[in-house]
Structures are given as structure tokens and as C-alpha cells.
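**Q** The structure is given below, and queries will be raised subsequently.
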Amino acid sequence: MAAKPKLYYFDERGRMESVHWLLAAVGVEYEEVLFKTAEDFENLIKGGKLMYQQVPMVEMDGMYIVQTRAILKHIATKYELYGKDLKERAIIDMYVEGMRDLNDMIMFFPFSLPEEKQKILNYILERATQRFFPVYEKALKDHGKNYLVGNQLSWADVQLLEVILMVEELKSDILSAFPKLQFKARVIRLPRIQKFLQPGSPRKPPVDDASFEVWRKAYNIDKNVFLQHM
């Protein structure tokens, strides 16, 4: 029996969360190596297996895979969530790259300055409703299928569900103008996804000020490090 994938990351959502989602969608069990202290992360770097000296890193199939997109592409390809041909893969890539742009805005939002928070929130919601969600709404409407690409679940659908739920954490009725994006209910009902959304699953909660403060002290991290990436 092949060893379970091993995920190396901090104990928070960040960029590893999309990996959690995709592995959950294909029903693959995994182990997590969560850094307890800054020293844990430094020791991983010293071990020489961490290309670019940054995480996420996933140990699977005899490789130490880094860079989020590389990890997700490997999983999606291996478990047939990456389209049936080059055309479908190109479409999936375009969709997930847009979703990643929106995901990043939301990921860094908790670290914004208090006086900037409302402005940044408005910007995120404007981008979601004016730039990104209309693309996926139109795709689902135009081809009349249950999923974004072809008529079967793909990496793009899993990524879209993750992003929808993240935006709904900011504004619960965000999908009111996007009836086709209610496809989320169909994806949520898939048994593996349903299991991942249950309490006690590896899914991470959103970052708030309190959890960030605990994290900052544990890893000796300056909040300004995040603000530089806004």
C-alpha cells in the first residue's frame, strides 16, 4: 500500500487549504506535519528538501512537491480531475487561475490595517461580483451542464466551491445575483465533500485577529510581512 501523502504547513488555512480540498474531493487520506514553532519550520529548511525554502510542501509519490499550483496539478492529473484533453485542461487552468486571484485577496484580508479594512472588503466583493463570478455563471449557463468543464467534476469545480464559501464568509448572500452558482449545493452533496465539511475534518477555520495573534507569537512573525503582499 502506498504511503499517505504528507502535508507540511502552518496550522492555518493559507495556500495549503486548496490542497486539503482537492485531496478530500478524491477521497485520499493524508497526514499533516504542522509547525508548532518557528524552529520547526527552520528545521525543515535545514533538512534540504524544501525547494525555495517556503511551504506548502507535499510529500507524495516519492517526491517533495512545492508550489501550490504544481501540487494541485499533480493531484488533479493523478486522480482525473484535470480534463480529458489539452483544451479542457487549458480551460480549467484559466478558471482556477482566476479563482486563485480572488482566493489571495481573501486570504490576505484579515491582515489589512483597521482603517483600510472596509475599503478592502468592498474591493473584494466588487471583484467577486463584477469580475470573477460572472465568468463562472456564464460558463454554467452557456453549456447547460452540471459542472464547469465537460459534464464531470474537475479541479475547477472544487476550487470554485472553496472560493464561494470563502466569499460567503464575508457576505452571506453574495450568490443572490448568480443563480447558476447555486451549483455549490450539488457539489456540497457529494459524499466526500460533505464529509470534509463536517466538524472535526482537516478543514481550517478562517483567520481572525485572535488566531493571528497566537500564530504571530508562535512563529515570531511581523504583521507587516503580510501587508507587503496586499
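The values are calculated or read from the model by the stated rules, or taken from the named source; none is laboratory data. The structure displayed is predicted, hence computed values, not measured ones. Quick reminder, even Gly has a Cβ in these numbers, built from the backbone with ideal geometry, and neighbours come from all protein chains shown. Ligands, DNA and RNA are excluded from the accessible area calculation, which covers all protein heavy atoms including side chains. Shrake-Rupley method; radii C 1.70, N 1.55, O 1.52, S 1.80 Å.
**Q** Determine the pairs where a residue that is farther than 14 Å from residue 207 by Cβ, located within the stretch 102-117, has a partner that is surrounded by fewer than 18 Cβ atoms within 10 Å (Cβ to Cβ) with Cβ atoms under 8 Å apart, the partner being 6 or more residues away or on another chain.
**A** If the second residue must be surrounded by fewer than 18 Cβ atoms within 10 Å (Cβ to Cβ), the pairs left are 102/127; 113/227.
Matching residues to (1) within 13 Å of residue 22 (Cα to Cα); (2) touching a residue at least 40 places away in the same chain (Cβ under 8 Å); (3) open to solvent by 10 Å² or more (accessible area, probe 1.4 Å); (4) over 17 Å from the mean Cα position of the chain (by Cα):
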position	(1), (2), (3), (4)
157	yes, no, no, no
164	no, no, no, no
176	no, no, yes, yes
181	no, yes, no, yes
185	no, no, yes, yes
193	yes, yes, no, no
203	yes, yes, yes, no
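Yes or no, residue by residue, for (1) hydrophobic (A, V, I, L, M, F, W, C); (2) touching a Ser or Thr at 6+ places or on another chain (Cβ under 7 Å); (3) on the phi > 0 side of the Ramachandran plot:
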site: 54; (1), (2), (3): no, no, no
site: 64; (1), (2), (3): no, no, no
site: 76; (1), (2), (3): yes, no, no
site: 90; (1), (2), (3): yes, no, no
site: 97; (1), (2), (3): no, no, no
site: 101; (1), (2), (3): no, no, no
site: 120; (1), (2), (3): yes, yes, no
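**Q** Counting only residues that are hydroxyl-bearing (Ser, Thr, Tyr), give me the helices (runs of 4 or more DSSP H) lying completely in the stretch 128-215 with at least 2 of them.
**A** none
**Q** Return a yes/no flag: does the stretch 116-129 have any residue that is assigned by the TED database to the domain that holds residue 156, within 15 Å of the chain's Cα centre (by Cα), farther than 24 Å from residue 51 by Cα and open to solvent by 30 Å² or more (accessible area, probe 1.4 Å).
**A** no
**Q** Taking residue 32, is it farther than 19 Å from residue 107 by Cα, buried (at least 17 other Cβ atoms within 10 Å of the Cβ) and not assigned by the TED database to the domain that holds residue 158? Please lay out each step first, then the result.
**A** Working: farther than 19 Å from residue 107 by Cα: yes; buried (at least 17 other Cβ atoms within 10 Å of the Cβ): no; not assigned by the TED database to the domain that holds residue 158: yes.
The answer is no for residue 32.
**Q** In the stretch 82-110, which residues are open to solvent by 30 Å² or more (accessible area, probe 1.4 Å), part of a helix (DSSP H, G or I) and among the charged types (D, E, K, R)?
**A** Scanning the stretch 82-110 gives 87, 89, 93, 97, 101, 104.
**Q** Name the single residue, out of those in the stretch 103-132 being in contact with a helix residue (DSSP H, G or I) (Cβ under 9 Å, 6 or more places away or on another chain) and of a type in the set (Lys, Arg), that is farthest from residue 161 (Cα to Cα).
**A** My answer is 117.
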